[in-house]
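Visitor: Following this message is one structure expressed as structure tokens.
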Amino acid sequence: MQGVERKSGSLTSLREGNRNRVIGALRERGVASRAELARLTGLSRSTVSTIVGDLLDAGLAGERDGQPDGEVHAGRPPVMVALNRSAGVALGLDFGHRHLRVAVADLSHTVLAEAWCELDVDHSATEGLDRAAEFVDRVLAEAGAERSHVIGATMGLPAPIDRVSDSVQESSILPGWVGVDAAGEASRRLGLPVEVDNDANLGALAEFTWGAAKGRSEVVYLKVSSGIGAGLISGGKLQHGVSGTAGEVGHMVIANGGPVCRCGNRGCLEAVASARAVADLLASSRREPVSTQQLLELSAAGDAASQRLIADAGRAIGIAVASLCNILNPQTVVVGGDLAAAGDVLLEPMRDVVRRMALPTAVADVQIVAAVLGDRAEMLGALALVMHESDRFAQAGMGAAA
Ligand SMILES: [Zn+2]
């Protein structure tokens with residue numbers, strides 16, 4: 001862009017570095033005041049004002065009215081800044097056991113268009129990616145966005161993903177994808193830089209960016225569906241661990257000698273308290289098949305056995321959450337996934353166990369709350385990952401703001 005002199009290499013790279021810090025902070029926050037940008041980047045107010053002025057002049061950012069998060073101003077609210085669509089757009093894709101969702105958003109965190117369809121339970125990766133390619137074209141056209149403006153795409157899969165090989169690990173939930181180099185295949189098929197992450201991590205990022213944990217920096221997100229997984233946010237950053245398995249709480253042993261888990265161990269949290277495990281327990285007492293949906297409907301209608309089994313699951317999950325609180329000392333524990341629809345029938349027993357089992361100082365201020373983004377969480381998290389982890393897309397041909 002204009003205004004950056006290229007006389008001195010070190011001065012130029014310093015300016016570019018500062019500009020990238022401001023752009024990075026804008027991507028993460030969506031909308032921010034100049035004062036917030038100074039605080040987030042550690043740059044002076046005058047440096048931030050100069051950089052924002054350059055971005056406005058270049059048409060990459062715009063101003064709007066608003067109130068920054070968590071700040072109360074006595075006088076006139078400060079002018080807020082956000083990146084324009086010409087600075088790039090993000091794509092989010094979410095593959096579930098039997099669905100696909102695709103959305104495009106601008107870097108002010110506004111969803112511009114989204115599409116959804118059902119997929120065959122045992123769909124292959126190739127079939128899934130064919131539909132995804134179709135949907136990407138559709139949402140970009142609907143949003144009036146150019147493909148060349150896409151700064152990155154994230155694809156969510158409900159399976160463990162090896163971060164070294166990017167391949168999908170053994171999964172009973174997504175059998176048609178096992179062994180596939182998901183990011184590589186998707187990048188080739190879509191002609192875009194694609195990153196892959198698992199559903200619990202993306203749910204965590206979504207609730208942190210838009211939902212129940214907005215404005216918090218220490219967050220545990222639990223997804224309680226057919227499996228149980230956690231997404232961990234520490235210092236405002238999603239934690240993956242070395243190979244990407246951080247947060248696999250579903251395989252914490254809760255009941256020694258308990259039911260056999262799909263991982264081969266016994267008494268794992270997932271084998272005791274997943275939506276599937278609870279529905280199966282009810283099915284054996286009723287001597288008829290029970291789906292997760294039926295379990296939730298029975299509970300909502302006051303069925304004692306259903307409520308008792310969901311409460312027991314809440315207590316089992318509470319044991320794991322108490323340990324997580326001792327280790328991570330979060331501000332907020334957000335509970336999402338299918339079973340979270342049971343509300344306080346699940347959450348109250350969980351809170352009770354956490355209060356009894358965790359160190360009092362570790363849970364003095366913790367809030368255990370239901371997720372608010374429902375079944376759009378993973379898709380929104382996929383968008384959020386493009387905004388929060390722009391360095392993961394740095395090697396690819398980025399949009400105008402790179
Ligand atoms: Zn297990």
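Visitor: Can you pull out the residues in segment 304-337 that are buried (at least 20 other Cβ atoms within 10 Å of the Cβ) and under 18 Å from the mean Cα position of the chain (by Cα)?
Guide: Pro330, Thr332, Val333, Val334, Val335, Gly336, Gly337
Visitor: Could you please let me know if Glu348 is surrounded by fewer than 24 Cβ atoms within 10 Å (Cβ to Cβ), within 16 Å of the ligand (Cβ to nearest atom) and closer than 19 Å to Ala371 by Cα?
Guide: So Glu348 fails the test.
Visitor: Go through segment 279-303 and give me each residue that's in contact (Cβ under 8 Å) with a residue 12 or more places away in the chain and either within 16 Å of the ligand (Cβ to nearest atom) or part of a loop (DSSP other than H, G, I, E, B) (or both).
Guide: Ser291
Visitor: Answer yes if at least one residue in segment 204-224 is of a type in the set (Ser, Thr, Tyr) and within 16 Å of the ligand (Cβ to nearest atom), and no otherwise.
Guide: Looking through segment 204-224, none of the residues is of a type in the set (Ser, Thr, Tyr) and within 16 Å of the ligand (Cβ to nearest atom).
Visitor: Same structure again: List, please: which pairs have Cβ atoms under 6 Å, are six or more places apart or on different chains, and start with a residue in segment 240-267 that is more than 21 Å from Ala322 (Cα to Cα) and more than 11 Å from the ligand (Cβ to nearest atom) and end with one that is among the hydrophobic types (A, V, I, L, M, F, W, C) and assigned to a loop (DSSP other than H, G, I, E, B)?
Guide: Between residues of segment 240-267 that are more than 21 Å from Ala322 (Cα to Cα) and more than 11 Å from the ligand (Cβ to nearest atom) and residues that are among the hydrophobic types (A, V, I, L, M, F, W, C) and assigned to a loop (DSSP other than H, G, I, E, B), the close pairs are Ser243/Val164.
Visitor: When you scan segment 152-195, how many residues do you find that are at pLDDT below 80 and aromatic (Phe, Trp, Tyr)?
Guide: Number satisfying all stated conditions: 0.
Visitor: Continuing with the same structure: Against the definition (within 14 Å of Leu339 (Cα to Cα), in contact with a strand residue (DSSP E or B) (Cβ under 9 Å, 6 or more places away or on another chain), in a helix (DSSP H, G or I) and away from the ligand (no atom under 12 Å from the Cβ)), how does Ala313 come out, yes or no?
Guide: yes
Visitor: Given (1) farther than 30 Å from Ala186 by Cα; (2) crowded, with 21+ Cβ neighbours inside 10 Å; (3) of a type in the set (Gly, Ala, Ser), where does Gly42 come up short, assuming only one miss?
Guide: Of (1) farther than 30 Å from Ala186 by Cα; (2) crowded, with 21+ Cβ neighbours inside 10 Å; (3) of a type in the set (Gly, Ala, Ser), only one is false for Gly42: (2).
Visitor: Based on what the data block shows, is Val272 closer than 22 Å to Val335 by Cβ and within 14 Å of the ligand (Cβ to nearest atom)? Outline the logic, then answer.
Guide: Working: closer than 22 Å to Val335 by Cβ: yes; within 14 Å of the ligand (Cβ to nearest atom): yes.
Judged against the criteria, Val272 is a match.
Visitor: Continuing with this model, one more query. For segment 360-381, name all the residues that are hydrophobic (A, V, I, L, M, F, W, C) and in a strand (DSSP E or B).
Guide: Ile368, Val369, Ala370, listed by residue number.
Visitor: Another question, if that's okay. Being surrounded by fewer than 20 Cβ atoms within 10 Å (Cβ to Cβ) and not in a loop (DSSP other than H, G, I, E, B) is the filter here; which residues of segment 102-124 pass it?
Guide: Val111, Leu112, Ala113, Ala115, Trp116, Cys117, Glu118
Visitor: Residues that are surrounded by fewer than 24 Cβ atoms within 10 Å (Cβ to Cβ), at least 2 per element: which helices (runs of 4 or more DSSP H) completely within segment 125-237 meet that?
Guide: Working: elements: 125-143, 182-190, 199-209.
Hits in segment 125-237: 125-143, 182-190.
The values are calculated or read from the model by the stated rules, or taken from the named source; none is laboratory data. All of these numbers come straight from a predicted model, not from anything done at the bench. Note: ideal-geometry Cβ built from the backbone for every residue, glycine included; neighbour counts use all protein chains shown.
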